[in-house]
Amino acid sequence: MKHFLVLVLTLILASCVSSTSTGHHWPGSEDRTVSVRIDPALAGDSEFISAMQQGSAGWTNGSSYVNLDVQVGPCVDPDPCVEVHREPRNGASTQWSIDDAKHIHHVWMRFDSAPWDYTTLVNVACHELGHALGLDHGNVEGPCQGGSPTQIDLDNIAAAYSHTD
């Protein structure tokens with residue numbers, strides 16, 4: 001009984017500090033490359049571009065199932081694509097275009113155009129890219145706490161992407 005309670009408490013605590021999967025995922029083979037395209041109007045914002053690249057590295061390096069290709073430029077059909085913009089808003093947000101089979105076809109990420117602390121920007125970029133890959137918030141924080149995906153985040157990605165469709 002003691003071991004059962006420890007296991008249950010461990011699972012509850014783990015769900016409070018990381019992500020859950022929505023079941024949404026990019027269609028394709030097990031090695032999916034997703035284009036992350038930063039608005040060309042931001043070409044001169046090297047700090048933002050660097051933060052997006054650093055925020056994506058944990059997903060690409062930590063998972064054999066997804067590769068995030070971050071570049072400045074427009075999305076080109078039919079690439080699976082994440083559009084990244086900055087505009088006046090409070091914080092950051094991610095929206096999906098999905099079909100009935102829970103396949104993600106397009107994502108829009110928006111970051112506040114106000115200045116950000118670089119470390120915060122890397123953390124938020126990583127977090128929002130987790131949403132772009134189909135992860136949702138767990139009970140509290142959501143994906144990518146501390147600037148890189150947690151093991152639970154990577155396990156959720158593996159579960160969502162370890163098949164071909």
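Would region 84-95 turn up any residue that is over 19 Å from HIS25 (Cβ atoms) and β-branched (Val, Ile, Thr)? Before the answer, list the steps.
Going through region 84-95, the residues over 19 Å from HIS25 (Cβ atoms) turn out to be 84-93.
Those left that are additionally β-branched (Val, Ile, Thr): 84.
So far as region 84-95 goes, yes, one or more of its residues are over 19 Å from HIS25 (Cβ atoms) and β-branched (Val, Ile, Thr).
Identify all residues within region 65-92 that are of a type outside the set (A, V, I, L, M), within 17 Å of CYS126 (Cα to Cα) and under 16 Å from the mean Cα position of the chain (by Cα); write none if there are none.
TYR65, ASN67, ASP69, GLN71, CYS81, GLU83, HIS85, GLY91, listed by residue number.
Of everything in region 33-59 that's more than 21 Å from THR120 (Cβ to Cβ) and either buried (at least 19 other Cβ atoms within 10 Å of the Cβ) or modelled with pLDDT of 95 or more (or both), which residue is nearest to the chain's Cα centre (by Cα)?
Among those residues, the one meeting the criterion is VAL34.
Does region 131-144 contain any residue that is surrounded by 19 or more Cβ atoms within 10 Å (Cβ to Cβ), farther than 19 Å from SER21 by Cβ, in contact (Cβ under 8 Å) with a residue 12 or more places away in the chain and not β-branched (Val, Ile, Thr)?
Initially, region 131-144 is screened for residues surrounded by 19 or more Cβ atoms within 10 Å (Cβ to Cβ), giving 131-135, 138, 142-144.
Okay, now just the ones that are also farther than 19 Å from SER21 by Cβ, so none.
No - not one qualifying residue is present in region 131-144.
Can you tell me which residue is modelled with the highest pLDDT among those in region 66-87 that are loosely packed, with under 15 Cβ neighbours inside 10 Å and over 22 Å from GLU47 (Cα atoms)?
VAL76
Cβ-Cβ under 6 Å, sequence separation 6+ or interchain: first residue in region 66-88 and closer than 12 Å to MET109 by Cβ and free of Cβ contacts under 8 Å to residues at least 60 places away in the same chain, partner among the aromatic types (Phe, Trp, Tyr) and in a strand (DSSP E or B). Which pairs?
Cβ pairs passing all conditions: GLU83/TRP108; ARG86/PHE111.
The values are calculated or read from the model by the stated rules, or taken from the named source; none is laboratory data. Source: prediction; values computed, not measured. We place every Cβ from the backbone using ideal geometry, glycine too, and count neighbours over all the protein chains shown.
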